[in-house]
Amino acid sequence: MGVVTSKAKRISQKISNLNYKRVINYLLTSELPISRARISKDLHISFPSVSDIVSKLIKEGLVVEEGKGQAHIGRKPILLRINNRYGLCGVVQIGYETVRINILDTAGDLILEEEFPFSRSLNFPSLLEEIIVRVEKITAPMLAKEFYNFLGIAFSVPAPIDHRQNRIIWSRFYHWESEALPQQINIRNKRVNAFWENDSNLLAYGASQMFGNVSDLLAFYLGIGIGAGIVLGGNLHQGLDGMAGEIGQVLVPFKGELLELERVISEESLVGLAKKCFPNKSLESNEHLLELLERETKKKSVRKELEKIAETVAQFLAVITIALDPEMVVFDGESVRRAPTILGMIVDNLVKFSRKRKELFKTADGRTNFAVCGAYRLILKHWFGLGEVETFR
């Protein structure tokens, strides 16, 4: 009898722990504020259990009560929301000779964004040291006065990651090879968990979280190079050695020769095209050159170059799209944001070559950053232990 009772207690505790995480995940992914009754109804957890969990979360500082909602009869329910100041999330995006640092609150709202340039020849340890110094400087006042915790810092890296050995496999653009990736970083004399992921995979992960009902998703990241993130059956497919989606080195026919795909479409290649089209502007910054290229897309000579690039890229991406047959294809990255015209050309050609509906294809805009969303969710997943309850596992 004692064995049965002990087993029943273990099962009951396991269910309680699971429901606790389900409520946290629900609050972090739902439109707030929301009532206890709505949580109970949507998650099929008893109202008393939800109330107990919410009380615990209020004591822990994650949830706060906010006013009263509407009710047709009886007493108006007390509404709940996430306490934005429970903790900070840091998201670091390493791009084309630029690092962007994003600081978000617990609800995922952007608090601060900072960019700084760095030399392509800078070694990885020196770059990481510079990033840590800047993150600490930015977050120190916030952690001292407003926020309780530093939930984690996630790095979006333009290179495949070996998660078994915690290292960068190889970055062709920066010539980083077998660089060790620390799992914790010291911020204000406290150890903060660090998470590392390839930029394309973070894009796919973030998109899968934002479109939670999509289990098969293909994501293309256009930045320093071009990479693919693949979600199949709700799971991120990284490949045996973390190399799945590394399509930048594939040779494609372009202007009578075989070129690597990332030499056809990347920030670097588009900057090179801008210098070719506007030689008198070649000394301007990469950002200004990309803006110039976008502004002058109606010029016949510029448009002809872009159309050839778009056709070549779309032919290759169509093969992947047809082979995987995803429910959704997502595009993000600096090239997507700074050169929307060529992206539109790529998508139009992709629709034609793949014979897929145009509604299948989604592109990031100024309000949506799938990769940052993926990094933010990765931090929350580990801090709260949500791996077993979130849609994406």
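A short reminder: the numbers here are calculations on the coordinates, not readings from a lab. Remember, predicted model here, so these are calculated numbers, not experimental data. Cβ placement follows ideal geometry from the backbone for every residue including glycine, while neighbour counts extend to all protein chains displayed.
Across segment 2-82, C-alpha contacts under 8 Å between residues 6 or more apart give a mean separation that, scaled by the residue count, equals a relative contact order of 29 percent.
Stretched out straight at 0.36 nm per residue, the stretch from Leu122 to Ala323 would grow longer than its current Cα-Cα span by 68.5 nm. When Val250, Val231 are arranged by Cβ crowding within 10 Å, least crowded first, meaning fewest neighbours, the order is Val250, Val231.
Near the amide H of Thr363, within less than 5 Å, lie the amide hydrogens of Phe331, all on another chain or at least 5 residues away, with H placed in the peptide plane. In 5 Å bins starting at zero, report the fraction of Cα pairs in segment 212-370 per bin as a rounded %. Spelled out bin by bin, segment 212-370 gives 2, 9, 18, 22, 21, 15, 8, 4, 2, 0, 0 percent.
What's the local net charge at Ile153, with K and R +1, D and E -1, over the other residues with C-beta under 15 Å away? Each step should come with its number before you reach the end.
On the way: positive: Arg100, Arg134, Lys137, Arg188, Lys190, Arg191, Arg377, Lys381; negative: Asp105, Glu113, Glu114, Glu129, Glu130, Glu136, Glu197.
Taking every Cβ under 15 Å from that of Ile153, the sum is +1.
What the Cβ-Cβ distance of Glu257 and Lys137 gives, at R0 = 45 Å and to the nearest 0.05, is a FRET efficiency of 0.45. The GNM of the chain, with springs linking C-alpha atoms under 10 angstrom apart, assigns the highest mean-square fluctuation among Leu360, Leu222, Leu181 to Leu360.
Summing +1 for each Lys or Arg and -1 for each Asp or Glu among the other residues whose beta-carbon sits under 13 angstrom from that of Ser119 gives -1. All Cα-Cα distances of segment 85-203, cut into 5 Å bins from zero to the largest, leave 2, 11, 23, 25, 20, 12, 6, 2, 0 percent in each bin in turn.
Below 8 Å between Cα atoms, with a sequence gap of 6+, how large is the relative contact order for the chain in percent?
15
For the chain, a Gaussian network of Cα nodes joined below 10 Å ranks Lys308, Lys137, Lys300 by mean-square fluctuation, and the top entry is Lys300.
When Leu289, Leu324, Leu350, Leu232 are sorted by how many other C-beta atoms sit within 10 angstrom of their C-beta, beginning with the fewest, the order is Leu232, Leu324, Leu289, Leu350. Could you calculate the FRET efficiency of Lys14 with Thr297 from 1/(1 + (r/R0)^6), where r is the beta carbon distance between them and R0 is 56 Å, rounded to 0.05? So the FRET efficiency works out to roughly 0.45.
Give me the percent relative contact order of segment 85-203, please, defined on Cα pairs under 8 angstrom at least 6 residues apart.
Worked out over segment 85-203, it gives 25 percent.
Which log10 I(q)/I(0) values, to two decimals, does segment 2-82 give at q = 0.12, 0.23 Å⁻¹ under the Debye formula with one point per Cα? Per q value, in the given order, log10 I(q)/I(0) is -0.39, -1.09. Among Glu177, Glu311, Glu267, the order by Cβ neighbours within 10 angstrom, fewest to most, reads Glu177, Glu311, Glu267.
Per residue of the chain, the DSSP helices (runs of n ≥ 4 H) give a summed -39500 (n - 2.57) that works out to -14000 deg cm²/dmol at 222 nm.
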